[in-house]
Amino acid sequence: MGFGLPAAIGAAVAYPDRPVVCITGDGSIQMNMQEMMTADDLGLNVKVAIFKNGYLGMVRQWQQLFLGKRYSSVKISSPDFVALAKSFGAHGFRARTMDEAEQMIDLALHTDGLVIMEFDITEETNVYPIVPPGLSNQDMIVE
């Protein structure tokens with residue numbers, strides 16, 4: 001958790017002529033969001049898609065699926081990522097609907113430099129596949 005943005009920065013340094021996209025959640029990005037400044041200072045072509053649902057999403061999903069929805073310490077608050085991006089000198093965009101999301105992605109991919117895209121998503125949206133605790137990849141849940 002929190003590795004996406006630093007990894008994207010590394011990829012962008014290694015391959016400066018390629019666009020790099022980091023897909024992350026609002027909880028994960030908050031682990032290293034100060035690195036937005038590094039990406040902007042270095043002039044890297046990194047696009048960051050933040051799925052903002054107000055949870056530590058994967059932890060919440062485990063608690064939902066395997067612990068009977070006994071949520072503990074997973075609800076979070078998040079900053080305004082668009083304003084935060086702009087405070088670091090980057091571009092920041094927000095989408096609340098599918099139409100806005102499609103337009104924002106197109107705009108972001110055609111904008112040079114660091115772009116932060118904030119997607120407001122449903123609070124309890126799950127990510128699949130997921131492997132239940134103690135089981136193998138053969139036993140993954142796919143939906």
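The values are calculated or read from the model by the stated rules, or taken from the named source; none is laboratory data. Model, not experiment: these values are computed from the prediction. So basically every Cβ, Gly included, is an ideal-geometry build from the backbone, and we count neighbours across all protein chains shown. For the accessible areas, the whole protein counts, side chains as well, though only heavy atoms, and no ligand, DNA or RNA atoms are used. Shrake-Rupley method; radii C 1.70, N 1.55, O 1.52, S 1.80 Å.
Scanning segment 80-103 for residues that are among the aliphatic types (A, V, I, L, M) and free of Cβ contacts under 8 Å to residues at least 24 places away in the same chain yields a count of 3.
Condition check ((1) open to solvent by 80 Å² or more (accessible area, probe 1.4 Å); (2) of a type outside the set (S, T, N, Q); (3) not in a loop (DSSP other than H, G, I, E, B)) across all residues:
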residue: 44; (1), (2), (3): no, yes, no
residue: 73; (1), (2), (3): yes, no, no
residue: 89; (1), (2), (3): no, yes, no
residue: 92; (1), (2), (3): no, yes, yes
residue: 107; (1), (2), (3): yes, yes, yes
residue: 113; (1), (2), (3): no, yes, no
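Yes/no per residue for (1) at pLDDT below 95; (2) under 15 Å from residue 25 (Cα atoms):
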site	(1), (2)
87	no, no
90	no, no
103	no, no
109	no, no
114	no, no
118	no, yes
126	yes, yes
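Quick one: would you say residue 61 is touching a strand residue (DSSP E or B) at 6+ places or on another chain (Cβ under 8 Å) and open to solvent by less than 80 Å² (accessible area, probe 1.4 Å)? Taking the combined requirement at face value, the residue satisfies it. Of everything in segment 1-42 that is among the charged types (D, E, K, R) and outside any helix (DSSP H, G or I), the residue that is surrounded by the fewest Cβ atoms within 10 Å (Cβ to Cβ) is 17. Among residues of segment 49-63 that are over 19 Å from residue 142 (Cβ atoms) and part of a strand (DSSP E or B), those with a beta-carbon under 7 Å from a residue that is open to solvent by 50 Å² or more (accessible area, probe 1.4 Å) and not acidic (Asp, Glu) at least six positions away or on a different chain give the pairs 49/21; 49/23; 51/121; 52/121; 55/75.
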